[in-house]
Amino acid sequence: MKIKYIILIIPIILFSCKSQNKIPNIDFYNATWELEYISGPRIAFHALYPNKKPIINFNSENNTVVGNSSCNGYSAPFNLNGNAISFGEPGPSTLMYCGEGEKVFLNMMKKINAYGFDEEGKLQLLMNEIPVMRFKKAN
């Protein structure tokens with residue numbers, strides 16, 4: 001009787017291990033990433049970024065990110081170690097005010113400590129293993 005249960009349990013365990021989502025191998029250096037989700041604010045995403053969504057580009061040669069925070073351009077150093085990532089303070093940028101979205105974006109970037117990709121190949125920036133920002137490849 002016990003052998004029947006063991007024979008039934010083994011395929012279930014093997015199948016559950018194989019059915020885990022496989023994350024594609026994606027080179028995030030050769031892409032422009034556009035923000036499509038950010039955690040935290042009580043303001044709707046489209047209200048935070050009504051005209052332009054933040055974008056980010058990773059430069060592997062000098063370990064900097066450059067992009068647009070929805071209003072102003074920015075650049076910042078970043079450190080990468082496996083899937084751990086951290087961003088330094090953004091350098092000087094223009095000083096246009098375009099609402100709260102830019103502040104929310106830049107403050108969240110300071111809290112990021114890891115990254116990953118979901119099953120659709122979208123870049124997820126994580127805070128303590130929780131996705132707090134999600135980017136898709138921009139066209």
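Each residue of the range 130-139 in turn: what ³J(HN,Hα) in whole Hz from Karplus with 6.51, -1.76, 1.60 and θ = phi - 60°, glycine and Pro shown as x?
Karplus values, whole Hz, x for Gly and Pro: 10, x, 10, 9, 10, 10, 10, 5, 7, 7.
Which far-off residues, 5 or more places away or on another chain, put their amide H under 5 Å from the one on E36, with H placed in the peptide plane?
R134, F135, K136
Can you run phi through the Karplus equation (6.51, -1.76, 1.60; θ = phi - 60°) for the range 43-53 and list ³J(HN,Hα) in whole Hz, with x for Gly and Pro?
Result, ordered by residue: 9, 4, 3, 5, 7, 5, 10, x, 10, 8, 8 Hz.
Please report L35, L80, L95 as a ranked list, fewest other C-beta atoms within 10 angstrom at the top and most at the bottom.
Details: L35 26, L80 13, L95 7.
By the 10 Å Cβ count, ascending, the order reads L95, L80, L35.
Values in this text are rule-based calculations from the coordinates and carry no lab data. Here the structure is a predicted model, which is why all the values come from computation and not from measurement. Neighbour counts are summed over all protein chains in view; Cβ atoms, including those assigned to glycine, are modelled from backbone coordinates with ideal geometry.
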